[in-house]
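Data block below; observations after.
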Amino acid sequence: MATHALPLAKVPRSKVSAKKQSASSAPLKSSPWILDRWRDLVLFVGTPVLLIPIFTAAQARWSAQDIFLFVGAFGAMGHHLPGMIRAYGDPALFERFKIRFVVAPLAILAVCVWSSIYDIQAVQLVAMAWGIWHGMMQTYGFCRIYDAKASARAATRARVDLALCFAWFSAAVLLSPMRFRTLFELYYESGGPVVASAAVVAIRTAVVAALGVVTIVFLWRQWSDWRAARGASPVKITLLVSSIAFWWYCNNGVQNILVGIALFEVFHDVQYLAIVWIYNRTRVERDKNIGGFMRFVFRRSGALIGVYVGLVMAYGAIGLTQSAISAEWIRHGLIGIVTASALLHFYYDGFIWKVREAQTRSMLGIEGAGAAALASPRLWPAWVRHSLRWAVLVIPFGALCATQLIGRVVPLIERSAKVAEVLPQDAQAQLNYGKALHEAGRVEEAISRYEFAINRKPSLADAEFFLGLAWSDLGNLDRAIEHYQRSLVLDPKNGKCESNLATIFVSKGMRAEARHHYEHSLSVTPDLQIAHKELADILCGDGEYDSAIAHYEAALRIQPDYRAAKENLSFARTLAGR
């Protein structure tokens, strides 16, 4: 059966070419992701879901202090390095901010080393407050990226997003007994004047009210954009929910604030290291003027990711060396370097990664309309605005330093009482107040605080330890033994507690029990000079002179001016026939 082809309708060449031209000129839809769906979820948005079980497993093996020290060194300090590489490895950036990159490190390092030498706590207060702000601004920055990828109207939503981040992050700190107590105590140690309890309550109430208002405005804005189909980013909303919820969990949902700080720090570090790698790799590929070390590290190579992480870990290791240094001037220098690194990281990140910058947008794949709208007119020149920001920081910092240097810091017992008054149900705040009362000789009052802390938190080993110490000071040795033993059940690695318990056994004539506890205390805390000396006394009495001499010598290595250990060492050597 024969078939006949249908005649094709002839389309004018001009119309065909016009269609091709319009198709080619149509803007491609930008991806809502920085990398892709799964990598963004793992690295930026859903990271907390992975971190919580990892940290739960880690706590079964390591103490909260160990986890905090490890994350603080290799994570918190280590992740400063990539930003430093860009600041000093990108010629165009360095030329643009040359004065800042030269003057700021010298000034900040000098202040941090000076603060370490004279034990000025104000610099630690600045680092803590700036660190909280920095963590909030990173979350806000990611919101800006995802919103800009989804809509040209992202710039008009920026202020609402910033207000939401500020309200929720600050409220989590102010309403967290653990975090607020730490911040408040550091404020007083830095030389801050006494704040009335009513004022603190009013501030916290105002923060909660502002939180509600800002959240309502934000939700209304999102609903309006959704109804008008104005391109609100669902990725941004997911990121906000996960980040804010995780921040609240780390400040209010954990049992130990050190674990909470470490948890959010890892989340922050993973986000930061990933986004800086992406940015710098794209920058190196597109700008042939970038060479040297930055081009070597950020080339497109899977192996170099390992080099990148290794460099971060190596830089972070500086933070662990300070505790192992015995020379005071070296240790103060290292403490100053670690603190200065953090402050410079916060400072540099405030201006080298701005999403409104055309280059930043290009490197992160934020193209299209709306870029120009991000630049708003300014009333003052850039140097004036920058100077005012520094003034906001430097003036109160200088006032706190002056207060501490002239010795007008609020006394320990008064500031502990103020914190306990503001946080009447916080066990640690009551324990700290009890310790201040104890130190002032008001032992009976201290005991009531210790007992209250134990009632509020029965797992608080320190409260049991200090309650045992208080009863020992009052001469009630049986009650002291009872509380020391409870403390050791809660914290078996408290060498000081075990040593104190052994001392009571010596006074009761229970030498065998005392020897056992001294030996165990030294296996946990080898640098307890008093345990070495007391154990040596027992060994000397048992005729074990060589072992006694070794422990006397260990006590003197730890504390060379330990007079009793020197005298007993001479006596033990005489008995040993030396």
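The values are calculated or read from the model by the stated rules, or taken from the named source; none is laboratory data. Values in this document were obtained by computation on a predicted structure and should not be read as measured data. All Cβ positions, glycine included, derive from the backbone under ideal geometry; neighbour counts span all protein chains shown.
Points worth noting:
- Criterion applied to Ser176, Ser197 was being surrounded by 17 or more Cβ atoms within 10 Å (Cβ to Cβ), among the hydroxyl-bearing types (Ser, Thr, Tyr) and closer than 30 Å to Glu414 by Cβ, and the one residue passing it is Ser176.
- Residues (touching a His at 6+ places or on another chain (Cβ under 6 Å) and among the hydroxyl-bearing types (Ser, Thr, Tyr)) located in segment 258-279: Tyr272
- Checklist (1) exposed (fewer than 12 other Cβ atoms within 10 Å of the Cβ); (2) farther than 30 Å from Ser242 by Cα; (3) modelled with pLDDT of 65 or more; (4) aliphatic (A, V, I, L, M) applied to Ala2, failing item: (3)
- Of the helices (runs of 4 or more DSSP H) lying entirely inside segment 201-300, those containing at least 2 residues that are within 27 Å of Leu50 (Cβ to Cβ) are 234-248, 257-286.
- Residues within segment 92-109 that are loosely packed, with under 14 Cβ neighbours inside 10 Å and touching a residue at least 40 places away in the same chain (Cβ under 8 Å), tallied: 1
- Test for Lys457: is it buried (at least 20 other Cβ atoms within 10 Å of the Cβ), under 30 Å from the mean Cα position of the chain (by Cα) and of a type in the set (D, E, K, R): no
- Taken together, Leu69, Leu81 contain a single residue that is part of a helix (DSSP H, G or I) and buried (at least 19 other Cβ atoms within 10 Å of the Cβ), which is Leu81.
- Here is the figure for segment 432-454: residues that are in a loop (DSSP other than H, G, I, E, B) and surrounded by 20 or more Cβ atoms within 10 Å (Cβ to Cβ) total 0.
- Counted as qualifying within segment 479-578 are the helices (runs of 4 or more DSSP H) with 1 or more residues that are over 23 Å from Phe466 (Cβ atoms), assigned by TED's automatic domain parsing to the domain that holds Pro458 and of a type in the set (A, V, I, L, M), namely 511-524, 529-541, 545-558, 563-575.
- Candidates in segment 164-191 are the residues that are among the small types (Gly, Ala, Ser) and in a helix (DSSP H, G or I); of these, the one that is farthest from Gly407 (Cα to Cα) is Ala167.
- Any hit, segment 147-159, residues being crowded, with 17+ Cβ neighbours inside 10 Å, within 28 Å of His345 (Cα to Cα) and among the basic types (Lys, Arg): yes
- Just one of the listed residues (Val241, Val214) is of a type in the set (A, V, I, L, M, F, W, C), crowded, with 19+ Cβ neighbours inside 10 Å, under 27 Å from the mean Cα position of the chain (by Cα) and modelled with pLDDT of 95 or more, namely Val214.
- Here the condition is being of a type in the set (Phe, Trp, Tyr), under 22 Å from Ala210 (Cβ atoms) and part of a helix (DSSP H, G or I); of Trp133, Trp114, it holds for Trp133 alone.
- When segment 417-431 is limited to residues that are touching a residue at least 40 places away in the same chain (Cβ under 8 Å) and assigned to a helix (DSSP H, G or I), the one that is surrounded by the most Cβ atoms within 10 Å (Cβ to Cβ) turns out to be Ala429.
- The residue that is nearest to Ile366 (Cα to Cα), counting only those in segment 113-139 that are touching a Phe, Trp or Tyr at 6+ places or on another chain (Cβ under 8 Å) and aromatic (Phe, Trp, Tyr), is Trp133.
- Restricting the first member to segment 305-319 and to residues that are within 14 Å of Val270 (Cα to Cα), and the second to residues that are among the aromatic types (Phe, Trp, Tyr) and assigned to a helix (DSSP H, G or I), the beta-carbon pairs closer than 8 Å and six or more apart or on different chains are Ile305/Trp277; Tyr308/Trp277; Val312/Phe74; Met313/Phe74.
- Test for Thr139: is it hydroxyl-bearing (Ser, Thr, Tyr), part of a helix (DSSP H, G or I) and either without any contact (Cβ under 8 Å) to a residue 12 or more places away in the chain or surrounded by 20 or more Cβ atoms within 10 Å (Cβ to Cβ) (or both): yes
- So Ala76, is it hydrophobic (A, V, I, L, M, F, W, C), in a helix (DSSP H, G or I), in contact with a Phe, Trp or Tyr (Cβ under 6 Å, 6 or more places away or on another chain) and in the same structural domain as Val254 (by TED's automatic domain parsing): no
- Exactly one residue out of Leu343, Leu311 is surrounded by 13 or more Cβ atoms within 10 Å (Cβ to Cβ), in a helix (DSSP H, G or I) and either of a type in the set (Phe, Trp, Tyr) or under 18 Å from the mean Cα position of the chain (by Cα) (or both), and it is Leu343.
Yes/no matrix, rows are residues, columns are (1) among the aromatic types (Phe, Trp, Tyr); (2) surrounded by 21 or more Cβ atoms within 10 Å (Cβ to Cβ); (3) modelled with pLDDT of 95 or more:
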position	(1), (2), (3)
Phe465	yes, yes, yes
Arg479	no, no, yes
Ala512	no, no, no
Tyr518	yes, yes, no
Pro526	no, no, no
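- Flag if Trp168 is crowded, with 21+ Cβ neighbours inside 10 Å and over 23 Å from Gln121 (Cβ atoms): yes
- Some residue of segment 216-232 being of a type in the set (Ser, Thr, Tyr) and touching a residue at least 40 places away in the same chain (Cβ under 8 Å): no
- Single unsatisfied condition, Arg299 versus (1) under 20 Å from Phe166 (Cβ atoms); (2) modelled with pLDDT under 95: (1)
- Selection of first residues in segment 276-288 that are surrounded by fewer than 20 Cβ atoms within 10 Å (Cβ to Cβ) and of second residues that are small (Gly, Ala, Ser), restricted to Cβ pairs under 9 Å at least 6 apart or on distinct chains, gives the following pairs, ordered by first then second residue: Thr282/Ser362; Thr282/Gly365; Arg286/Ser362; Asp287/Ala92.
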